[in-house]
Amino acid sequence: MPSLISPAERDYILKGVECNIRADGRQRPDYREVILETGVVSQTSGSARVRIAGGTDVLVSVKAEIGPVQVDPETGDGADKGQIICSVECAPSASQQFEGRGADDLNNEITQMMSRILCNNTTSSYTSTAASTTGSSTTASRQSSGPGGINLQKLCIIPGQQCWILYIDALILDYGGNLMDAIFMGTRAAIFDTRIPKTEVQDLGDGQFEFEVLDDAEDTDPVEGREDMPICITLNKIGACHIVDASPLEELCTEARLVVAVNRSGQLCGLQKGQEGGIEPSLLLEMIQFGKTMGQTLIKQLDTKIKAEADADLAKRQRGEPVHKLGFFAQ
């Protein structure tokens with residue numbers, strides 16, 4: 001990323017963070033206002049739009065489609081599971097940095113982070129990119145009972161044959177910093193908004209099965225395990241301190257970045273370190289603990305907003321009133 005900040009601006013931001021007074025008036029642990037809207041794309045199974053005051057604007061959609069199961073030829077794992085396929089794309093108009101192929105690395109980084117966290121919910125192990133005090137990235141594995149939250153087995157229709165595939169697509173419409181957090185918040189909201197049609201499976205004998213997808217709009221199920229989906233908290237190390245929800249100028253001053261994925265129980269679901277700077281061991285532990293605490297708080301606030309909007313829509317339907325969505329181009 002090019003250096004688009006002057007030495008005077010950098011010094012101003014560094015000293016402000018050190019004094020716990022950031023350039024926009026926030027303190028180090030403060031988030032900007034987050035605006036959430038669900039059900040904004042009618043052609044999808046679920047969708048959400050997240051806007052962070054100051055510029056960042058992300059649209060996330062979920063499309064449920066039927067496809068063949070993916071079985072690992074060596075272990076045989078996956079025969080009884082559905083799939084999640086993630087994709088992230090930055091609109092060239094979101095920022096000058098994204099013109100041409102400028103956003104390719106960022107697209108790949110966020111896509112891989114989403115895939116690692118959301119697609120791993122087995123009881124064996126998962127792999128995450130953890131922070132190193134030397135500034136390089138290391139890979140670590142740990143035992144976990146579902147870091148991704150979503151129950152992939154419930155997405156299977158006929159074991160070994162057919163399953164539901166959830167395509168999660170995130171489009172970055174505008175850039176104002178803190179993209180990773182916005183995308184994961186949008187993904188959680190979109191999954192909560194997703195409804196999967198029910199299916200009826202018939203056993204024809206001799207190992208043959210056929211299934212029927214119910215086309216009644218009321219015969220749908222929510223995504224099981226959505227409550228345990230993690231979100232990400234991005235902590236930026238500037239000087240000897242760390243901040244959350246960094247603005248674009250603060251990101252340019254960042255020496256090291258740590259992304260902490262955490263679920264509602266406070267379980268650490270993944271770590272990823274970015275930038276070339278190192279993080280001292282004591283500060284690393286402090287950042288991880290802060291990320292876990294902040295993540296639980298944000299999940300509670302996010303779920304409260306999602307539930308309030310869902311309850312309002314349900315009340316309108318019960319009264320026979322139409323439910324109008326503004327759409328993702330509304331202001």
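The values are calculated or read from the model by the stated rules, or taken from the named source; none is laboratory data. Note that the structure is a prediction, hence the values are computed from the model and not measured. Remember, those area values only see protein heavy atoms, side chains included, never the ligands or the DNA or RNA. Shrake-Rupley method; radii C 1.70, N 1.55, O 1.52, S 1.80 Å.
Its relative contact order, with pairs defined as Cα atoms under 8 Å and 6+ residues apart, puts the range 7-319 at 20 percent.
Find how much the distance from GLU33 to GLN289 grows on full extension, using 0.36 nm per residue of separation minus their present alpha carbon separation; answer in nm with one decimal. Don't skip to the end; give the middle numbers.
Values: separation 256, 0.36 × 256 = 92.16 nm, distance 2.28 nm.
Extending this stretch completely gives an extra 89.9 nm.
Between the helical axis of 281-318 and the longest alpha-carbon principal axis of the chain there is an angle of about 50 degrees.
Find the relative contact order for the range 228-316 and round it to a whole percent, using C-alpha pairs within less than 8 Å whose residues are 6+ positions apart.
Details: 127 pairs, mean separation 24.7, N = 89.
Contact order relative to length: 28 percent.
How many angstrom separate the Cα center of the range 1-68 from the Cα center of the range 260-303? Cα centroid of the range 1-68 versus Cα centroid of the range 260-303: 17 Å apart.
Counting only heavy atoms of the protein chains and using a 1.4 Å probe, PHE211 has close to 70 Å² of accessible surface. Which value results for Rg/Rh of the range 186-226 when Rg is the Cα radius of gyration and Rh the Kirkwood radius based on the inverse mean 1/r? Rounded to two decimals, Rg over Rh is 1.16. The residues of the range 7-319 present an accessible area of 47 Å² per residue when probed at 1.4 Å with all protein chains retained.
Would you rank TYR167, TYR12, TYR175 by solvent-accessible area, highest first, keeping every protein chain in place and using a 1.4 Å probe?
TYR12, TYR167, TYR175
Exceedance of the 26 Å cut-off in Cα-Cα distance is limited, within the set LYS63/LYS154; LYS63/LYS305; LYS15/LYS300, to LYS15/LYS300.
Once you order the gyration tensor axes a ≥ b ≥ c over the Cα atoms, which shape class does the range 187-264 get: rounded for a/c under 1.5, otherwise prolate or oblate by comparing a/b with b/c?
Numbers: a/c = 4.73, a/b = 3.35, b/c = 1.41.
It is prolate, given that a/c is not under 1.5 and a/b is the larger ratio.
For GLY46, the amide hydrogen comes within under 5 Å of the amide hydrogens of VAL62, counting only partners 5 or more places away or on other chains and with H modelled in the peptide plane. Ligands, DNA and RNA left out, the 1.4 Å accessible surface of the chain is 49% carbon and sulfur atoms.
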